[in-house]
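Reviewing the structure listed below.
The values are calculated or read from the model by the stated rules, or taken from the named source; none is laboratory data. No experiment lies behind these values; they were computed from the predicted model shown. Cβ atoms come from the backbone with ideal geometry, glycine included; neighbour counts cover every protein chain shown.
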Amino acid sequence: MSRSNARLLFVLSAALAVVAVPSCRRNLPPDAPPISGPQLGYVNIDYTYSMTSTDPNGDSVSYQMDWGDGTTSAWSSFVANAATVTLTKSWSTARNHFSVKARAKDRREATSSWTPEYPVIIMPNAPPDTPAAPSGPNSGYVGRYYSFYVSTSDPDGDSVSYQFNWAEVRTTQRHGATLFPAVTATWILSPGRPRACIWSRHGPRTQRALPLPGRHHARRSWRWTE
């Protein structure tokens, strides 16, 4: 074989090899996902944070959050490239600075770097004081309205709402058994304002009052009065 023919054969073989090998594209990780969500909150309340990342290869993406308290979220389900994902978190302790971060990965496990810290402040929230026993009449007549009053204070100075539970005890004979079903009516009212309730049967009554969660959902237990 002449030298020129050998060279031609080598060139043709190389060209065929290039055609036979599929093109390879380098897999790049997604971009680090910016975080959006509340940066001021209160203990034991759920807050939602959203993030979006773009993958250079167009792959679907999964997200993970570092909540700054020593815990991280599980990786989210994979979503379409550039789709937004939301994750929810509540902190059980108050702190002036939680360093929250996020990252993303694609289906081929290429993972982005963590985002710069996203500072979150979580403040304590004390529940309202247990209200004093409701004041009002301790006896009455069937079919009439009676008003009861209650008040309390909140250590954080938050506004407070109240819930009254009106318990009606009745005795019912059924198949020889004596039953005492609890019948309750729930009312919401502003501090210092009366709420009336009407009873339809004779018998002893029990009232109880509870300050409902205020703006930050701290609840105090029932204060009973007979």
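Those strands (runs of 3 or more DSSP E) of segment 19-112 in which 3 or more residues are out of contact with any Phe, Trp or Tyr (no Cβ under 6 Å at 6 or more places or on another chain) and crowded, with 19+ Cβ neighbours inside 10 Å occupy 61-66, 95-106. Within segment 75-89, not a single residue is at pLDDT below 95, under 19 Å from Tyr118 (Cβ atoms) and within 20 Å of the chain's Cα centre (by Cα). Filtered by the rule that a residue be touching a residue at least 60 places away in the same chain (Cβ under 8 Å) and exposed (fewer than 15 other Cβ atoms within 10 Å of the Cβ), segment 131-157 gives Ala132, Val142.
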